Amino acid sequence: MIERDSTFSRLLRAAWNEALAPEAEKLLGEVSPEERSRAAFMIANLCGVEAPAGYPETLSSGEWARALAEAVSSDSGREKTVVSCGSCSNHECRDAKIGAPCASSCPFHAIMIDRKTDGLSIDHEKCVGCGLCVEACPDGILQDLVEFIPATNLAKNGRPVVAAVAPAIVGQFGEAATIERLRAAFKKLGYVDMVEVAFFADMLTMKEAAEFDAHVLDKDDFLISSCCCPIWVAMLRRVYRELVKYVSPSVSPMVAAGRVLKRLRPECSVVFVGPCIAKKAEAKDPDVAGAIDHVFTFAEIREVFAAAGIDPASLEGESSFEYSSRGGRLYARSGGVSIAVTEAVEALYPAKSPLMKTAKADGVPACKELLDRIRSGDVTASFIEGMGCVGGCVGGPKAIIAKEAGLGFVDRFAESTEIRVATQSSCMEEILRRIGVSDVKNFRDPDTARPFEREF
């Protein structure tokens, strides 16, 4: 059977050289006839599209490969983020008496396994695209959508594409791969710019501070942050519905980045780059769809840089002015949202500062425990933060380096930042003014807040 990572690299190089169809046909020719259906599924998934129908029953490998290239060039895309590409062939999983690893990892009970046929399926009504099953699957049967090739075509076709990178990116490509050098690397891929999502996290920090001021009126009130983590949001929407009334209506920094960038430059496309599979599903959520055009993981971008012959650490950096704050950059780690919002409340609503008492959880089990405690009235915190990955985004499933190393890079980068709190940025004032926000306290105004909100 073809191997996922090496296949992705080959497809990337082929797409880069305008030879996707011949390479896809060649890949199909390298597998046994009984494996071709699964191989075709994997190839299409790595190209970011649905597999063309008809292979191998009515389409030859050449016809299928040409249909695949046409689907990629038209950016037809795929709605489902996590899919199964065949029956489970891992004996340890099949023989497991208490749930296979994929099913056991799913917080939403969306994985179904037929013990008689080894068939594996996903209930897409329950699936939130978190990707925990992808990481748990030892055999590569479960895979997440890879969207890089369609996004590259946007840039090749002349559309201005901006890379919006998650705060956790610092250190992922080595200590020498600074933010400035990463910006140069993305420009070599054909993007017009790279921006830090930490800057848009700063916007959400002020929005969350305004929400806190509006909803926490005494020591018995509390606000559950909706910032950052789609797994946390999905748990609240799917499992803890009665707590949704306490959830801030704010979008994530990723969505805020897409919405603001497109207001400033309506003709651009925005791709998000982070350590998270769940962001691929979040970008397709109906209430925020359209803000982000494609989502890539750090692991995917590493392969992309390799295929393009780009070493970020060796490039001459492209500088930008200092615009993100310490608080926004701390969003990459567990507790970072709480730190940033606490400092913003102190700056914007000092009378409410004495009421700020935070609680946080990271990792699905800890998030469930915290939400269970809230449900039973056993939490005295007034601002509650949750992240689905242990350590926060630095512990995401598609991070390149260990979460402990990622945490160290994030903390050092944040502490070196000139702007300490979101409210101190002159650049922030200018950008907000350009999108119609004359004062940071205007986030209390419904019309001003609308671009930063979603429907729960």
Problem - Residue among Phe173, Phe222 that is more than 19 Å from Thr297 (Cα to Cα) and modelled with pLDDT of 95 or more - result: Phe222
Practice task
Give the residue that is farthest from Phe148 (Cα to Cα), with candidates limited to residues of region 54-87 that are modelled with pLDDT of 75 or more, in a loop (DSSP other than H, G, I, E, B) and not polar (S, T, N, Q).
Solution key: Glu57
Practice task
Check Ala209 against each of (1) assigned to a loop (DSSP other than H, G, I, E, B); (2) small (Gly, Ala, Ser); (3) more than 24 Å from Thr152 (Cα to Cα) and name the one condition it does not meet.
Solution key: (1)
Exercise for the section: Examine region 243-256 for a residue that is under 19 Å from Glu429 (Cα atoms), at pLDDT 95 or above and crowded, with 24+ Cβ neighbours inside 10 Å, and state whether such a residue exists. Expected result: yes
Fill in the blank from the handout: The correct count of residues that are touching a Cys at 6+ places or on another chain (Cβ under 8 Å) and within 14 Å of Val337 (Cβ to Cβ) in region 360-391 is 7
Fill in the blank from the handout: Checked region 305-350 for anything closer than 17 Å to Phe173 by Cα and among the aliphatic types (A, V, I, L, M); matches are Ala306, Ala307, Ala308, Ile310, Ala313, Leu315, Ala332
Exercise for the section: Pull up region 306-319, narrow it to residues that are out of contact with any helix residue (DSSP H, G or I) (no Cβ under 6 Å at 6 or more places or on another chain) and loosely packed, with under 13 Cβ neighbours inside 10 Å, then point me to the one that is nearest to Arg13 (Cα to Cα). Expected result: Gly309
Handout entry: Near pairs, Cβ below 8 angstrom, 6+ apart or cross-chain, from region 258-269 (outside the structural domain of Val195 (by TED's automatic domain parsing)) to any residue that is of a type outside the set (A, V, I, L, M, F, W, C)
Key = none
Practice task
Run down Ala40, Ala51, Ala44 and say which single residue is in contact (Cβ under 8 Å) with a residue 12 or more places away in the chain, hydrophobic (A, V, I, L, M, F, W, C), under 26 Å from Ile113 (Cα atoms) and assigned to a loop (DSSP other than H, G, I, E, B).
Solution key: Ala51
Handout entry: All positions within region 370-426 that are farther than 18 Å from Leu330 by Cβ, in a loop (DSSP other than H, G, I, E, B) and without any contact (Cβ under 8 Å) to a residue 12 or more places away in the chain
Key = Ser376, Gly377, Asp378, Ala402
Exercise for the section: Kindly check whether there is at least one residue in region 211-220 that is surrounded by 24 or more Cβ atoms within 10 Å (Cβ to Cβ), in the same structural domain as Asp372 (by TED's automatic domain parsing), over 30 Å from Trp16 (Cβ atoms) and of a type in the set (A, V, I, L, M, F, W, C). Expected result: yes
Practice task
May I ask you to list the residues in region 11-37 that are farther than 17 Å from Asp75 by Cβ and assigned to a loop (DSSP other than H, G, I, E, B)?
Solution key: Asn17, Ala19, Glu30, Val31, Ser32
Exercise for the section: Scan region 120-167 for residues that are at pLDDT below 85, over 21 Å from the mean Cα position of the chain (by Cα) and not aliphatic (A, V, I, L, M) and jot them down. Expected result: Ser121, Pro138, Asp139, Lys156, Asn157, Gly158
Problem - Check on Ala361, within 20 Å of Thr205 (Cβ to Cβ), part of a loop (DSSP other than H, G, I, E, B) and of a type outside the set (Ser, Thr, Tyr) - result: no
Exercise for the section: Determine if region 119-138 includes at least one residue that is assigned to a strand (DSSP E or B), surrounded by fewer than 19 Cβ atoms within 10 Å (Cβ to Cβ) and acidic (Asp, Glu). Expected result: no
Exercise for the section: State whether one or more residues within region 320-338 are surrounded by fewer than 20 Cβ atoms within 10 Å (Cβ to Cβ), among the small types (Gly, Ala, Ser) and in contact with a helix residue (DSSP H, G or I) (Cβ under 9 Å, 6 or more places away or on another chain). Expected result: yes
Exercise for the section: Answer yes if at least one residue in region 193-204 is more than 17 Å from the chain's Cα centre (by Cα), in contact (Cβ under 8 Å) with a residue 60 or more places away in the chain and under 21 Å from Ala347 (Cα atoms), and no otherwise. Expected result: yes
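The values are calculated or read from the model by the stated rules, or taken from the named source; none is laboratory data. Predicted model, so just to flag it, every value in this text is computed and none were measured. Cβ: placed from backbone, ideal geometry, glycine included. Neighbour counts: every protein chain shown.
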